[in-house]
1. At a 10 Å Cβ-Cβ cut-off, how would you order 70, 145, fewest neighbours first?
2. Using the 10 angstrom Cβ neighbour count as an exposure proxy, how do 76, 57 rank, fewest first?
3. Taking 7 Å along the Cα-to-C-beta vector as the label spot, tell me the residue 111-residue 172 distance in nanometres, rounded to one decimal.
4. Going by C-beta contacts inside 10 Å, put 53, 125, 159 in order with the fewest on the left.
5. Can you compute the label reach from residue 35? Point 7 Å from Cα along the Cβ direction, backbone N cut-off under 16 Å, restricted to the range 121-165.
6. From Cα pairs below 8 angstrom and at least 6 apart in sequence, can you work out the relative contact order of the range 37-190, rounded to a whole percent?
7. Residue separation times 0.36 nm, minus the C-alpha to C-alpha distance between residue 96 and residue 68: what's the value?
8. What distance in nm separates the two pseudo spin-label positions at residue 191 and residue 135, each 7 Å out from Cα along the beta-carbon direction?
């Protein structure tokens, strides 16, 4: 009788263990990964940077006909999605991000995100006449405005949560991104026929 009860107890324990841990596709149990606020921001920024790089690739990939702009539209939407996710997550941060994560965030903003946003804006400005030829100037203009609005909302919340020692570098990167997006918006707000002869679409140097 005692042996029978032991078997039942063992079976119950196994069943409980099987339901307590999430199981991966390979059938191996795994513990849920809990990310710190700074790690969440870093993850979101990395995904945003990847989306921006894909946008640049899609724009530069269109060397010939611009009849099909859907890949570029989809790339802009991917940037929007990454931006919105970052905004949602940073709003949940209720305390100052630790100094180590703050330093990594400032570095990622400076060396990657700001650089890649400038490249994306420069690429899209170089193709302005092509966008105009397929009547997609307003589409790009609105996309850049959304990027700028999302950038402003995200960076304002983020800088409130960063460690004070990283604010100089962080704000410099934010300002660099803002300047690039403002230049793109200003350029696409005018038709090419309205641009001064001395101006050349996308002629600004990409100071990195």
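1. Neighbour counts put them in this order, fewest first: 70, 145.
2. 57, 76
3. It is 1.4 nm.
4. Going from sparsest to densest Cβ surroundings: 159, 53, 125.
5. Within reach of a label on residue 35, which here means backbone N under 16 Å from a point 7 Å along Cα→Cβ, the range 121-165 contributes 158.
6. 35 percent.
7. Here the answer is 5.6 nm.
8. 1.3
Just so you know, all these numbers are worked out from the coordinates, no wet-lab data involved. These numbers were taken from a predicted model, which means no experiment stands behind them. Here Cβ is always computed from backbone atoms with ideal geometry, including for glycine, and neighbour counts include all displayed protein chains.
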